[in-house]
2 protein chains.
Amino acid sequence: MSAHARGLAGVPATQSSISSIDGEKGILAYRGYSIDVLAAHSHYEETALLLLEGELPSARALSAFDAALRAQRVLKPEVISLMHALPQNGHPMHMLQCVVASLDMFYPGEISQPTSARAYADPDYVRTMTIKIIARMPLLVAYWERLRRGGAVIEPRAGLGYAANFLTMLTGKEPEPFMARLMDACLILHAEHTINASTFAAMVTGSTLANPYGVISAAIGALSGPLHGGANQRVLDMLDEIGSPGKVKGWLDKKLAAREIIWGMGHREYKVKDPRAVVLHGLIEKLVEHRGGKVSRYYDIARTLEEAAKETLAAKGVYPNVDFYSGILYHELGIPADQFTALFAVARSAGWLAHWSEQIADNRIFRPTQVYTGEALREYVPLKDR
Amino acid sequence: MSAHARGLAGVPATQSSISSIDGEKGILAYRGYSIDVLAAHSHYEETALLLLEGELPSARALSAFDAALRAQRVLKPEVISLMHALPQNGHPMHMLQCVVASLDMFYPGEISQPTSARAYADPDYVRTMTIKIIARMPLLVAYWERLRRGGAVIEPRAGLGYAANFLTMLTGKEPEPFMARLMDACLILHAEHTINASTFAAMVTGSTLANPYGVISAAIGALSGPLHGGANQRVLDMLDEIGSPGKVKGWLDKKLAAREIIWGMGHREYKVKDPRAVVLHGLIEKLVEHRGGKVSRYYDIARTLEEAAKETLAAKGVYPNVDFYSGILYHELGIPADQFTALFAVARSAGWLAHWSEQIADNRIFRPTQVYTGEALREYVPLKDR
């Protein structure tokens, strides 16, 4: 046994009022509101403001926030030029981590970054930067999609809400309201999830009073890993590898015997099915109904896999997590698999920024300690004597 | 009192054998070797290999590592084009965080990234990526310096060691051996420092199995903050603000009364003068002697400030840290102040990568918990009823 909790499991790293998880009951709540209710009744703009400010907004506050987001739906042409200088076969998450880190260089004068913790936590500074980042993230992802396809970029449409505009810019056509609503629900479900690795990376980076673009860039880097947000892309690869519902059982037995990862299954915090997977599963069912049964074979394979895993994995408390069904929905929305994690990043920017704001409002730089297992002090030996 | 340790102070987040600090005695050791000895006898290549592999290398291993580093001292012209697309008045740390994050896009085929933790910790993969990153970091910083000055970039010189080549590429002229040796000592002193915020950001990001370029980019973001690496640039601004040794006392009294930060003073880990500051102070003394007394007024002001602070700050255990004297040395080496933190990042890449390697060799994703202080579950209220 080591004298530290590996991965800091169970160790409180902060006080927070942003979201809470009941892993036994399978409840995730943002500021006290269960996410199934938010996915059904709220939209991303409202949920983002709830996460950032702590309360469901008044009609007036919501409308002002929405207007501010729409006003910031614009990027300098120089940022697009930077994206042109990146290899188009590169992964969207690398593009996103890179370009977000550059934004302070392109927008240096828009608001000056304070250097004392007190000034830095100024609500005006935090609110301004938060709106700019949440508004710009989908533009980067959507422009990149169009650029790498060699097509013209689709300009933002001021008349559309956050989800519908994002889908339009991504796919090149305005979605029917049903599909825009699905996208909106996906964004809500991915907006926040307590202190996971990417949020924690944002907090650690933010605690040095680094610029918020640098903070979000670091979080994007953490999210890109296959053990974190990178998993949703891999679920679709996995379903492709399985091939058909009839092959699920044999495939699963082989994977379990080899102790290999089943992507989209299991979560440290939940002893039951991830509440986000429950909602996403329900959304796919609605989509199947909406489409008169016509959805991709991915759903049949995934459903069969969830059933087959009940005997083995569920018995050990391993159930589908948020990544298990989200990719299938994104696929139905016409989004390529390597963009799934970038969509996750766009949605999660609200949660990251809420934690950034909470961190700097009562800041102490993160500097944990270590259990030192190395050599005691020893004498240097010159090269010729080694 | 909160139920968590703010900033995780005193909480062990990992086991590590890379470096150790004795805060009472003022000792920092890399793998058991005290840094004052390493600064006097080692060079950056040897120190980096010591950090990465755990032992002082044999002549043969060192020569192979050195040759590998020199062979990787090259960047595709497309990376330089990307740098051209960045605003030249932007901060070097933003450039560095951005461009490092992009490198996997430019070098996708050079080595494929494994997705299981076991394969990812493969020593060959780790060694290859480590060499590539350590070799390329100074190129990015030096190219940027030349580009933003509007001059031609200086190509790497295979005949020069790491420190001398870096200085040459940065300043445009080959340094005299005495100055190259100063630079080398600075790189050694900044190479590693246990689990500080940027190293921790690298560990958290790396624990998701994110690409190592993404890991180092995240660490650069954390280092850029003024409460972390960003402080060395601010020390020089502060010395400028003071203006002359005669004004130190009055300036200090005012700052202390206003409870403002004195840049370059104090460190959570040390109860005495930071051992790196001790070595740096000694190096400046040598430089003064070498130059027959001709160094900038910064040194006189800094020395006076350290003396003046003895009565007030030192009594509370607040002494000069690594940032207090490093900027003065860099200034004497002809490096502009806004590059100081980028130099820190170049040096620290060895430590970050050593911790990344240690993390993925026994990985568990970082997911600490929180003390939830927010609302209990509550009912959603429709917008019209708010």
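The table below gives the values:
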{"read-out": "Taking the convex hull of Cα positions in the stretch A:122-275, its mean projected area over all directions (nm²)", "value": "12.7"}
{"read-out": "Burial ranking of peptide ranges A:94-103, B:163-172 (average Cβ count within 10 Å, highest at the top)", "value": "A:94-103, B:163-172"}
{"read-out": "Inter-copy label distances at residue B:5 (7 Å, Cα→Cβ; nm, one decimal)", "value": "1.2"}
{"read-out": "Rounded D (µm²/s) - the protein assembly as shown, Kirkwood Rh over Cα pairs, Stokes-Einstein at 4 °C, 1.567 mPa s", "value": "48"}
{"read-out": "For residue B:243, label point 7 Å along C-beta direction: distances to other copies, nm", "value": "8.1"}
{"read-out": "Other protein chain Cβ atoms within 10 Å, averaged over every residue that makes up A:55-61", "value": "3"}
{"read-out": "D (Stokes-Einstein, µm²/s), Kirkwood Cα radius, chain B, 1.567 mPa s at 4 °C", "value": "59"}
{"read-out": "Cβ-based charge dipole, the stretch A:258-353, positive-most Cα from A:258, A:278, A:335", "value": "A:278"}
{"read-out": "DSSP-defined beta bridges in the protein assembly as shown - what % are antiparallel, rounded to 5", "value": "65"}
{"read-out": "Likely footprinting exposure, B:73, A:60, fewest C-beta neighbours within 10 Å first", "value": "A:60, B:73"}
{"read-out": "Percent RCO, i.e. relative contact order, over chain A, from Cα pairs under 8 Å lying at least 6 residues apart", "value": "24"}
{"read-out": "Scattering curve values for the stretch B:304-386, log₁₀ I(q)/I(0), Debye with Cα scatterers, q = 0.26 Å⁻¹", "value": "-1.16"}
{"read-out": "Average other protein chain Cβ within 10 Å of Cβ, residues B:80-86", "value": "5"}
{"read-out": "Shortest-first distances to equivalent copies, position residue A:55, nm, label 7 Å out along Cβ", "value": "6.6"}
{"read-out": "Across B:255/B:310; A:247/A:273; B:247/B:310; B:25/B:316; B:25/B:249; A:254/A:294, pairs whose alpha-carbon gap is larger than 20 Å", "value": "A:247/A:273; B:25/B:249; A:254/A:294"}
{"read-out": "Residue-by-residue Karplus 3J(HN,Hα) for the stretch A:89-101, coefficients 6.51, -1.76, 1.60, Hz, glycine and proline x", "value": "8, x, 6, x, 6, 5, 3, 5, 4, 5, 5, 4, 4"}
{"read-out": "Anisotropy class of the stretch A:196-329 from Cα gyration tensor, a/c 1.5 cut", "value": "prolate"}
{"read-out": "Burial ranking of peptide ranges B:79-92, B:230-243 (average Cβ count within 10 Å, highest at the top)", "value": "B:230-243, B:79-92"}
{"read-out": "Difference of contour (0.36 nm per residue) and Cα-Cα distance, residue A:81 to residue A:312", "value": "78.1 nm"}
{"read-out": "Furthest towards positive pole of dipole, A:27, B:143, B:42, structure part the protein assembly as shown, Cβ charges", "value": "B:143"}
{"read-out": "Partner chain coverage, peptide B:359-367 - average Cβ within 10 angstrom", "value": "6"}
{"read-out": "The protein assembly as shown - charge dipole about Cα centre, Lys and Arg +1 at Cβ, Asp and Glu -1, debye rounded to 20", "value": "200"}
{"read-out": "Gain in span if fully extended, residue B:254 to residue B:386, counting 0.36 nm per residue against the direct Cα distance", "value": "42.6 nm"}
{"read-out": "Viscosity 0.692 mPa s, 37 °C: Kirkwood-radius Stokes-Einstein D of the stretch B:17-150 over Cα pairs, µm²/s", "value": "191"}
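Quick note: the coordinates plus some simple rules give every number you see, no bench work behind them. Fair warning: this is a prediction, and the values are worked out from it, not measured in the lab. Glycine gets a Cβ as well: all are built from the backbone with ideal geometry, and neighbour counts include every protein chain shown.
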